[in-house]
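In what follows, a structure is listed as structure tokens, so that the remarks can point back to it.
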Amino acid sequence: MLSISRTIIRQFALALLMTGIQAAHAEGRFHRPFEVTGSVLMNPDGDTLKLMTDERGLINIRLSGADTPETGQAYWRSARNYLRSLVAGQKTTAWCYKEDRFYRQVCHVRVGNRDVGQAMIEAGYAWYAFQFSPELTREQRLGYPEAERQAKAGRIGIWQEPNPMAPWECRRLKRTGKGQLCR
């Protein structure tokens, strides 16, 4: 009896832990997914864009699964400009499934058949945001880390630097008041 209750307690604790991990990964509110198509009006950085759609008007979008340098970090302008070149004048489709804490829609974005997040990673302007892998498709969970591996091996974009600082590390430093250490 005692061993059964320990097993149940362990399973319960594991279930709670896993629920907490999923909530931490979410960093936003999931909603019923929707797909929209439109034109990008602007992108202030390498992983955020404003999409004008007929269906829902103007939508602020954050790319899912790819994370680019924070404003002020090395290569942030290059990442912004590369994203701009990918979407400029192109019909852009977004499949959105949650809203982040800044009220942006978190979406998988495509231009034609091209996954924009993967394109950013392949070009060396984004990290694979592995923290959010549960939110990616199977193809993205395979393609994004491989794209990052190839960009690192080719020493392109951010990978030209010896130890580029991941944007989530820069954000952590900013929260602790040490943002001046972001590079």
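The values are calculated or read from the model by the stated rules, or taken from the named source; none is laboratory data. Please read all numbers here as calculations on a predicted model, not as lab measurements. So basically every Cβ, Gly included, is an ideal-geometry build from the backbone, and we count neighbours across all protein chains shown. Surface areas here come from the heavy atoms of the whole protein model, side chains and all, with no ligands, DNA or RNA. Shrake-Rupley method; radii C 1.70, N 1.55, O 1.52, S 1.80 Å.
None of Ala123, Ala129 is modelled with pLDDT of 95 or more, among the aliphatic types (A, V, I, L, M) and under 14 Å from the mean Cα position of the chain (by Cα) except Ala129. Scanning segment 40-73 for residues that are over 21 Å from Asp115 (Cβ atoms) and surrounded by 16 or more Cβ atoms within 10 Å (Cβ to Cβ) gives Glu70, Gln73. Just for segment 169-183: of the residues that are over 19 Å from Thr48 (Cβ atoms) and in a loop (DSSP other than H, G, I, E, B), which one is most open to solvent (accessible area, probe 1.4 Å)? Ranking the candidates gives Arg183 first. Filtered by the rule that a residue be within 15 Å of Leu41 (Cβ to Cβ), not in a strand (DSSP E or B) and not polar (S, T, N, Q), segment 80-135 gives Arg80, Leu83, Arg84, Leu86, Val87, Ala88, Gly89, Lys91, Arg104.
So if I check each of Gly112, Gly117, Gly124, which one is at positive phi and touching a Gly at 6+ places or on another chain (Cβ under 7 Å)?
The match here is Gly124.
Restricting the first member to segment 92-109 and to residues that are closer than 13 Å to Thr37 by Cβ and open to solvent by less than 10 Å² (accessible area, probe 1.4 Å), and the second to residues that are of a type in the set (Val, Ile, Thr) and part of a strand (DSSP E or B), the beta-carbon pairs closer than 6 Å and six or more apart or on different chains are Thr92/Val40; Thr92/Val111; Ala94/Val36; Ala94/Ile61; Ala94/Val109; Cys107/Ile61.
Is it the case that Glu135 is crowded, with 17+ Cβ neighbours inside 10 Å, of a type in the set (Asp, Glu) and out of contact with any helix residue (DSSP H, G or I) (no Cβ under 7 Å at 6 or more places or on another chain)?
Yes, satisfied.
Screening the candidates Ala126, Ala151, Ala166 for the property of being free of Cβ contacts under 8 Å to residues at least 60 places away in the same chain and either under 16 Å from Gly65 (Cβ atoms) or surrounded by 15 or more Cβ atoms within 10 Å (Cβ to Cβ) (or both) yields one hit, Ala151.
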